[in-house]
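A short write-up of the structure that comes next.
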């Protein structure tokens, strides 16, 4: 029996040997940490962290690794969490839509597994703002909802596993006296204690004890100039419980805290009532308290403030003087030092501070200020990523020589090229020599800071690249794609963070008003302005006109610029100037155009007749095309404004709550084959108009029927130069999620079919016909449009096609499934000619082979999900948002970076690795055989000549 | 004179031997010197021997023509056999049919390259026609090989065979844009 087990284990090991050979995954708990609490069981050293925006409940062990993680509804938001002494962790999440809100209350076990113990949910009419207060010791959850200060509703839930979905106790207040006007419950108010509500208006502090049903107000401590404002701050204890304290702080525009006023809400016994000001801390950003069971009336106060070189954590005594303080230093350019959350956890007598910074870095400091661990949670909210190539030898040796303009015709650049080749050969020989001398190879992880630059060297096949990342919290990351996503550089930009958050809020409010959520399109645009291997340059454009240029290889901000204008269009030019920089065309709301950098305007002028821009808002049906062909060269002294000229405009049929989606092709996509070979060996030429745009508009359409409105998805093919529509299709009773892939001559999009209640994938292929297409200035619509729809058996989170360097390799379609798998399905399954092919005489593979043609699988409506097509095997990737694709220097291989709550990197070979030898290729055998053959031929030559000589003598 | 010489040769190997044999010498003073000057011919060598040269007759001319026809019609006569072999080889692309096709190609091409040497062998009054037949036969063999290639799909006669040489169309107009909120 044991023997059999042993054998089974060995076999198991055989299959597992390729795990993480060329892929890696990193798991996160999400951004916007709500609170972190230490497990109450003395034996388990776990820290529970809950995240608001991501709505995840997780446990972290003392090394900073995730012990378990429970992912809740993605659209929901965690609004409160608290820990019961023995029972469990109570969390409250809110899922808000225009017509109704839903509250989810859950209780989780505190052990190693995080089981769901009890669950309760409640539906509310209308879009509600809710605040929550949890009394964990009684398992009571108070949720206070309302749209204004005068209309309040309180729900009291008892979380108990014996009474699932018990009705909450409701209490309602209408027309409360002296209620503050114009307050948003979520933004301006906090729930303190069990039933005290504190709201902040620009003039005073309002307060209501819900049992009194009467608002009272209190003036603010001091009047503030315009650039400062007050912010209310909750103060929780180590269990996430509110014990009646709250803070009021003065914040400057730059997010610096100036003063922190500490208040206490009078308890029931204290009849003097109202709010009690206790003390004022200077510079403190966050305060947390530590209560002990022995002395509940004397909590210990801890405050944290940011310094120029890091943060400082202070402990306050009973007289509010700083009793003890520790400071910790880190690089404030790479990381944020402003704070998002501050919690205290206790391991026996040891105290640990869990600090969440504004860039969503979660770090644990011990009482001496040493960092125990840190987690870059920002990586769970990636909004843009880009593969950046590495040079073939270390950048440091080339630094001084390769700054010259890369004009390929000049002699100096030729000399540079020769020199670079020489240096690379030299470096290669040195590295060979070194590896020869040092017998034991250094592990990749052991590469220290100093050799960081040295390690940033491409491998032979170009698999080693940098991943440039921008997160939702304005932090830039550069990861190493082969060393398990090791962070090479980080940079935090507070201005970028504010821009992104503000824009996100704007989008949210627009969506809330319209009652319909559109697909998330990145709020920022990122362009690789310079492709040069040694000095790549990535530029980020925020919607408010803030630009940052970053060199991902050296981790250096090259330039930052604030245009102070709302950008409605940004576009990368296709032509580079003599410095190798491609300019960015920026257009503001008034159609005024600027170039970044300014010098690229000259380059643009020489191509101005050929540039067209397509402008649209996500929520409108208006699409317009702009041209800049009237642009004049600047003459000194003349002040002029470059206003773009509208050359066409188009309005799509009006839908209620429309959401537009635009699908461009990859700019530098290589299409190897200009046509498709048919089974009769004729050629169907592909329609490869580079300016073709796929548009999807979805929304509600009113019908004549009684039912009123139905959801529709409209699909259009549009020429971006002329604005003419080449093809259109309307799917009635279809809705989001819509995912779109546009590449070469095909477009694939998925939508939800409401009538059949299933996900469908529609596939289009465009052809010119069997004649060669006319040369470019002639614009023709596609002559043949093949269109076919398929059923996809599960939900889709993201869709993308593979890209390779020359486009020879077959395409695969990558689909991120809701289950966490990444499916790689050959493009041939999506071929819209499958239906017509099935009836042709080549329908059997043998017939197709006989005629030398290409075989298409016969049409079956359902697309298969072969288990061998799941490229991430058991490494599920949670909540995927996007699949980023990069090319390697090897034609067969395509690099993938999948982002979501987790990040996952892998590479795929759609046509297998046809251009490299197999791993088990026996080089030695080949060499021996070749050498033996060579020897044989020499020997036989000698023998043969001797024989003929001997024969001549006879 | 010639008669004595020939008789001498018939009787002995050289003059001395013949002198020894003859008991009576009639004119030996004058002959000895001359005998010394030139040696006798080697045995079996006849200086002025008369051979029977056959006379060319009209029936022999026919033979030449026949032989030439054999050479000229060789390629055509191979044709049926080649047809049969090719039929048996089938249209699948594998090593043996490819080798056969190779042979089929090689033979007529070789023959056509050496056509001048072959034409020298062809004589007679019909030689012009025969040369033409020989050429035609080889060309037919070549045609057969080509046909076989075509039926195997080895000839680049379809547009798909030239697809790789189709240049991608240059991009003249450039467009771009993004959605805003």
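Just to be sure I understand the model, the point goes 7 Å from the Cα along the line to the Cβ. What's the resulting residue A:670 to residue A:201 distance in nm?
6.7 nm
Classify the stretch A:283-369 from the C-alpha gyration tensor, please: rounded if a/c falls under 1.5, else prolate or oblate depending on whether a/b exceeds b/c.
Since a/c reaches 1.5 and a/b is larger than b/c, the shape of the stretch A:283-369 is classed as prolate.
Throw me the Rg/Rh for chain A, computed over C-alpha atoms with Kirkwood Rh, two decimals.
Reported Rg/Rh, Kirkwood definition of Rh: 1.01.
Using a Förster radius of 41 Å, what is the FRET efficiency between residue A:231 and residue A:646 based on their Cβ-Cβ separation? Nearest 0.05, please.
The pair residue A:231/residue A:646 has a calculated efficiency of 0.40.
For Cα pairs less than 8 Å apart in space and 6+ apart in sequence, what is the mean separation divided by the residue count of the stretch B:58-157, i.e. the relative contact order in percent?
This gives 46 percent for the stretch B:58-157.
What are the principal axis extents of the Cα atoms in the stretch A:615-690, in Å, biggest first?
Principal-axis extents of the stretch A:615-690 (Cα, largest first): 65, 43, 18 Å.
Test of understanding: ordering A:930, A:200 by Cβ neighbours within 10 Å, fewest first, what list do you get?
Ascending Cβ contact count within 10 Å gives the list A:930, A:200.
Would you kindly work out the equivalent ellipsoid of the stretch A:293-337 from its C-alpha gyration tensor and give its semi-axes, the square roots of five times the eigenvalues, largest first in whole Å?
Equivalent ellipsoid semi-axes, largest first: 28, 10, 7 Å.
Go from 0 up to the bin containing the longest alpha carbon distance in the stretch A:22-175, width 10 Å each, and give me the % of pairs per bin.
11, 40, 32, 13, 3, 0, 0
Would you mind ranking A:719, A:922 so that the residue whose beta carbon has the fewest other beta carbons within 10 Å leads the list?
A:922, A:719
Taking the Cβ-Cβ separation of residue A:513 and residue A:840 as r and a Förster radius of 60 Å, what is the calculated FRET efficiency to the nearest 0.05?
0.70
Return the whole-Å distance between the Cα centroid of the stretch B:129-147 and the Cα centroid of the stretch A:516-565.
Using only Cα atoms to place each centre, the spacing works out to 72 Å.
Only helical DSSP H runs with n ≥ 4 go in: add -39500 (n - 2.57) per run for chain A, normalise by residue count and round the 222 nm mean residue ellipticity to 500 deg cm²/dmol.
The helix-only estimate for chain A comes to -4000 deg cm²/dmol at 222 nm.
So how far apart, in nm, are the two label points at residue A:73 and residue A:86 if each is 7 Å from Cα heading toward Cβ?
3.3 nm
Using 1/(1 + (r/R0)^6) with R0 = 22 angstrom and r between the beta carbons of residue B:99 and residue B:140, what's the FRET efficiency to the nearest 0.05?
The calculated FRET efficiency here is 0.60.
Under the rule a/c < 1.5 gives rounded, and otherwise a/b versus b/c splits prolate from oblate, where does the stretch A:116-155 land using the Cα gyration tensor?
oblate
Rounded to two decimal places and with Rh computed the Kirkwood way over Cα pairs, what is Rg over Rh for the stretch B:79-172?
The Rg/Rh ratio comes out at 1.18.
Return the ratio Rg/(2.2 N^0.38 Å) for the stretch A:135-290, where Rg is computed over Cα atoms only.
1.09
Give the relative contact order (percent, whole number) for chain A; include only Cα pairs under 8 Å separated by 6+ residues.
6 percent
When only Cα pairs under 8 Å and 6 or more residues apart are kept, what is the percent relative contact order across the stretch A:505-552?
24 percent
Can you give me the angle between helix A:2-16 and the longest principal axis of chain A, using Cα atoms only, in degrees from 0 to 90, rounded to the nearest 10?
80 degrees
Once you average over the residues of B:155-168, how many Cβ atoms of partner chains fall within 10 Å of each Cβ?
Mean inter-chain Cβ contacts per residue within 10 Å come to 5.
Once all Cα-Cα distances of the stretch A:586-737 are split into 10 Å bins that start at 0, what whole-number percent is in each one?
Computed distribution, short to long bins: 9, 28, 27, 21, 11, 3, 0.
How many angstrom separate the Cα center of the stretch A:638-668 from the Cα center of the stretch A:599-618?
13 Å
Could you please state, rounded to a whole Å, how far the C-alpha centre of the stretch A:51-120 is from the C-alpha centre of the stretch A:275-305?
26 Å
Would you mind estimating how fast the stretch A:459-508 diffuses translationally, via Stokes-Einstein at 4 °C and 1.567 mPa s with the Kirkwood radius over Cα pairs, in µm²/s?
106 µm²/s
How much length is gained if the chain between residue A:922 and residue A:367 is pulled fully straight, taking 0.36 nm per residue apart and subtracting their Cα-Cα distance, in nm to one decimal?
194.0 nm
Hey, what's the Kirkwood Rh for the stretch A:514-637 if you take every pair of different alpha carbons, in angstrom?
Result for the stretch A:514-637, one decimal place: 15.7 Å.
Coordinate-derived values only; no laboratory data. Keep in mind that what you see is a predicted model, and the values were worked out from it rather than measured. When we count neighbours, we look across all protein chains shown, and the Cβ atoms used for this are built from the backbone with ideal geometry, even at glycine.
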